[in-house]
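One structure below.
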Amino acid sequence: MTAISAEGLVKVFPSRSGEVRALDGVDLEVPVGSVLGLLGPNGAGKTTTVRILTTLLAPDAGHARVNGVDVVADPQSVRRSIGLSGQYAAVDEYLTGRENLTMIGRLYHLGGTRARARAAELLEQFDLTAAADRPAKTYSGGMRRRLDLAGALVAGPPIIFLDEPTTGLDPRSRLGLWDVIEDLVREGTTVLLTTQYLDEADKLADSIAVVDRGRVIARGTSDELKAQMGGERLAVTVGPGHLGAAREALAGLANGELDVDEHARTVVAPVAGGSTALLDAVRRFDESGIEVLDIGLRRPTLDDVFLQLTGHHAEPTAGGPEVGTAPSAQEVRP
Amino acid sequence: MSDIAQSLSDTGTITWRNITRLRRQPDSIFFGIVQSVMFVLLFAFVFGGAIQVPGGEDYTEYLMGGIFVQTVAFTCATTCIAMADDLSRGVFDRFRSLPMSRSAVLAGRTFADLAFAGVTTGAMAVTGLLVGWSTHSTALEVLAGFALLALFAYAFLWIGAVIGLSVRSVEVAQTAGLIWLFPLTFMSNAFVPLESMPSWLQPVAAWNPISSVVAAVRDLFGNVPAGYAAPEYWPLQNPLLASVLWCLVILALFVPMGVLRYRRAASR
């Protein structure tokens, strides 16, 4: 059974310098009860995809079905079976947490009594009971996100869309939100989540679609994607002035392209043969008198996957060329 | 629930939300009241001596109709800012992802702001009574006058809503919601009689919807001096009919435009 399916989604936004193809033929399929992670940098088209699937935006081409219903033909039915928690927490800050959730319940037409009962239940579940009757503007960032996520769950929808649920949260709130999402999945909810964090996709998603410049450039489970990368990675950090020599020493060893970080003086090389390659590398460094500060083998991460697929890192902070240089109208609200 | 019942229930919920928001910002209500009281006092005392009104009447009598209309018209700037603000915060995305009525968000906004306009109108009426204004008509006519003000306010709030949904930021909304109201309210009979304007401006002012409403409100409150002959323009000869027609035309144009804008707004 398929909960969400999309075929050839295209969305073009007008911009000052012509047109931006925010989506350029996106295909997706999410089986019932599973979690799809849409992974990509800012401006890749993740948010636009979510906005189309949640009926906020009409595609310029292609089709999408959510819970078996076409999003363009019958948006109102789609809305009855989804919950959306956005990148910008859509919490009304002058209303209390309880009022926020009761209001959403009423707008789902649960009726006053059920809306109030459901609000109380969710406040309890999301650990917001103590703050329930305070205006949401007094909430911390993590509390707002939890309240926003609770808002998406008011009607107990079978399918949930989470657009960058943890962007901008501190690590503790992030872990807390991950727990909540994992609970939902255990209860059988289908989740489509977008993220620019590799560890988040790795942790939460059953399968991952890597999105870049409006296209899905790779898909599979986290392990499958990593397996595509072949063997392990040999990472070495060298002393000042030794980077060039280290690069030369590893060039002969690597079975793929080297990833060099000038700033951290680190070279990462895909290698075959694991520990043999490690011993070989140590010998070469020793012979050339290269000062090694740290050396080790590791399994490929999703960042390696991203780098190999796109030629740039997934996370802007990971260094490398600037990502998301394509105009990102769809991610930036006016 | 039927579609209409759902629509009404959604409108009620959104109206409640907006009124609750207003109540939690007592300073904005306070300044709304201060502003309207201040306008009454400024015009009554500063211009009161300088402006000649038809029939040599007391200027305060003449003024109140105009100031009521101006103040409720200015309420639409509030609507404009609130719309732009909601739009910028992602609250509309949440609303639009819910299986709720599309028009309820706008209807709920305008109803809440109409309640706010009611509060400021009350404050003005009390201030007016304190500085010497009074009505000289039946209770029913006075009631009709306030009802007309409410209809006019409601129509204008939709203009504010459309502007708020059309601009790209709250900062722009603060100016765009307000700026056009100055020429509109001042190029009317709100504060000065039409007869004192240059002859080329008189027809413009006569066909200004503000003038019709002001004239009709003055009529209904009994603030038109005995024997005063209204200028020879149809909207001023039949101010009540003209006012109602103006309001209906504005609603017929701006309600569908607002709903359309709302649907498209989040897709920018």
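The values are calculated or read from the model by the stated rules, or taken from the named source; none is laboratory data. Just so it is clear, the model here is predicted, and its values are computed rather than measured. Counting neighbours? That spans all protein chains shown, and the Cβs are built from the backbone with ideal geometry, glycine included.
Within segment A:255-275, no residue satisfies the criterion of being touching a Lys or Arg at 6+ places or on another chain (Cβ under 9 Å), of a type in the set (D, E, K, R) and modelled with pLDDT of 85 or more. Filtering segment A:2-20 to residues that are touching a helix residue (DSSP H, G or I) at 6+ places or on another chain (Cβ under 9 Å) and closer than 21 Å to A:Asn67 by Cα leaves A:Ile4, A:Ala6, A:Leu9. Once segment B:169-179 is narrowed to residues that are within 12 Å of chain A (Cβ to nearest Cβ) and touching a residue at least 40 places away in the same chain (Cβ under 8 Å), the residue that is surrounded by the most Cβ atoms within 10 Å (Cβ to Cβ) is B:Ala173.
What do you reckon, is A:Gly86 at the interface with chain B (Cβ under 9 Å from one of its Cβ atoms) and either within 29 Å of the chain's Cα centre (by Cα) or within 22 Å of A:Gly168 (Cβ to Cβ) (or both)? Spelling it out, A:Gly86 is indeed at the interface with chain B (Cβ under 9 Å from one of its Cβ atoms) and either within 29 Å of the chain's Cα centre (by Cα) or within 22 Å of A:Gly168 (Cβ to Cβ) (or both). Considering only residues in segment B:225-267 that are without any contact (Cβ under 8 Å) to a residue 60 or more places away in the chain and part of a loop (DSSP other than H, G, I, E, B), the one that is farthest from the other protein chains (Cβ to nearest Cβ) turns out to be B:Ala229. Please work out which residue is farthest from the other protein chains (Cβ to nearest Cβ), limiting yourself to segment B:1-19 and to residues that are assigned to a helix (DSSP H, G or I) and small (Gly, Ala, Ser). For segment B:1-19, the residue satisfying everything is B:Ser7.
Taken over segment A:150-174, the residue count meeting the criterion of being among the aliphatic types (A, V, I, L, M) and modelled with pLDDT under 90 is 1.
Contact map, segment A:287-304: first residue more than 12 Å from A:Ser222 (Cα to Cα), second residue among the aromatic types (Phe, Trp, Tyr) and surrounded by 12 or more Cβ atoms within 10 Å (Cβ to Cβ), Cβ cut-off under 9 Å, separation 6 or more or different chains; pairs are A:Glu291/A:Phe285; A:Val292/A:Phe285; A:Ile295/A:Phe285. Considering (1) over 30 Å from A:Glu29 (Cα atoms); (2) surrounded by fewer than 19 Cβ atoms within 10 Å (Cβ to Cβ), say which one A:Arg299 fails and leave the rest. Condition not satisfied by A:Arg299: (1).
Given the residues B:Met38, B:Met64, which is the only one that is more than 14 Å from every other protein chain (Cβ to nearest Cβ) and without any contact (Cβ under 8 Å) to a residue 60 or more places away in the chain?
Values: B:Met64 fails: without any contact (Cβ under 8 Å) to a residue 60 or more places away in the chain.
Being more than 14 Å from every other protein chain (Cβ to nearest Cβ) and without any contact (Cβ under 8 Å) to a residue 60 or more places away in the chain holds for just one of B:Met38, B:Met64, which is B:Met38.
Just the residues that are under 19 Å from B:Phe43 (Cβ atoms) and part of a helix (DSSP H, G or I), please, taken from segment B:110-132. If you could, list the steps in order and put the result at the bottom.
Taking segment B:110-132 and keeping what is under 19 Å from B:Phe43 (Cβ atoms), we get B:117, B:120-132.
Matches in segment B:110-132: B:Ala117, B:Thr120, B:Thr121, B:Gly122, B:Ala123, B:Met124, B:Ala125, B:Val126, B:Thr127, B:Gly128, B:Leu129, B:Leu130.
Filtering segment A:179-220 to residues that are surrounded by fewer than 23 Cβ atoms within 10 Å (Cβ to Cβ), among the polar types (S, T, N, Q) and over 14 Å from the mean Cα position of the chain (by Cα) leaves only A:Thr189. For segment B:20-31, the count of residues that are more than 14 Å from every other protein chain (Cβ to nearest Cβ) and among the polar types (S, T, N, Q) is zero.
Scanning segment A:65-83 for residues that are in contact with a Pro (Cβ under 6 Å, 6 or more places away or on another chain) and either polar (S, T, N, Q) or more than 9 Å from every other protein chain (Cβ to nearest Cβ) (or both) gives A:Gln76, A:Ser81. Annotation note: of B:Leu157, B:Leu129, B:Leu165, B:Leu87, the sole residue that is within 14 Å of chain A (Cβ to nearest Cβ) and either among the aromatic types (Phe, Trp, Tyr) or out of contact with any Lys or Arg (no Cβ under 6 Å at 6 or more places or on another chain) (or both) is B:Leu87. Residues of segment A:89-101 that are more than 8 Å from every other protein chain (Cβ to nearest Cβ) and in contact with a strand residue (DSSP E or B) (Cβ under 9 Å, 6 or more places away or on another chain): A:Glu93, A:Thr96, A:Gly97.
Of the numbered criteria (1) at pLDDT 90 or above; (2) more than 10 Å from chain A (Cβ to nearest Cβ), the one B:Met100 fails is (2).
If only one of B:Trp200, B:Trp180, B:Trp207, B:Trp234 is modelled with pLDDT of 90 or more and under 30 Å from B:Leu87 (Cα atoms), which one is it? It would help to see each step written out before you state the result.
Values: B:Trp200 fails: under 30 Å from B:Leu87 (Cα atoms); B:Trp207 fails: under 30 Å from B:Leu87 (Cα atoms); B:Trp234 fails: under 30 Å from B:Leu87 (Cα atoms).
Step by step, each of B:Trp200, B:Trp180, B:Trp207, B:Trp234 is checked, and only B:Trp180 is modelled with pLDDT of 90 or more and under 30 Å from B:Leu87 (Cα atoms).
Hey, any hits in segment A:106-121 for a residue that's buried (at least 24 other Cβ atoms within 10 Å of the Cβ), more than 8 Å from chain B (Cβ to nearest Cβ) and either aromatic (Phe, Trp, Tyr) or more than 28 Å from A:Leu38 (Cβ to Cβ) (or both)? For segment A:106-121, residues buried (at least 24 other Cβ atoms within 10 Å of the Cβ), more than 8 Å from chain B (Cβ to nearest Cβ) and either aromatic (Phe, Trp, Tyr) or more than 28 Å from A:Leu38 (Cβ to Cβ) (or both): present.
Is at least one residue of segment A:204-212 at pLDDT 85 or above and in a helix (DSSP H, G or I)? First the steps, then the outcome.
Here is the first cut: in segment A:204-212, the ones at pLDDT 85 or above are A:204-212.
Those left that are additionally in a helix (DSSP H, G or I): A:204.
Among the residues of segment A:204-212, at least one is at pLDDT 85 or above and in a helix (DSSP H, G or I), which makes the answer yes.
Here B:Thr135 passes the criteria (1) within 14 Å of chain A (Cβ to nearest Cβ); (2) surrounded by fewer than 23 Cβ atoms within 10 Å (Cβ to Cβ); (3) part of a loop (DSSP other than H, G, I, E, B) except the one numbered (1).
Between A:Val66, A:Val71, A:Val91, the distinction of being in the same structural domain as A:Ser140 (by TED's automatic domain parsing), free of Cβ contacts under 8 Å to residues at least 24 places away in the same chain and either among the basic types (Lys, Arg) or buried (at least 17 other Cβ atoms within 10 Å of the Cβ) (or both) belongs to A:Val71 only.
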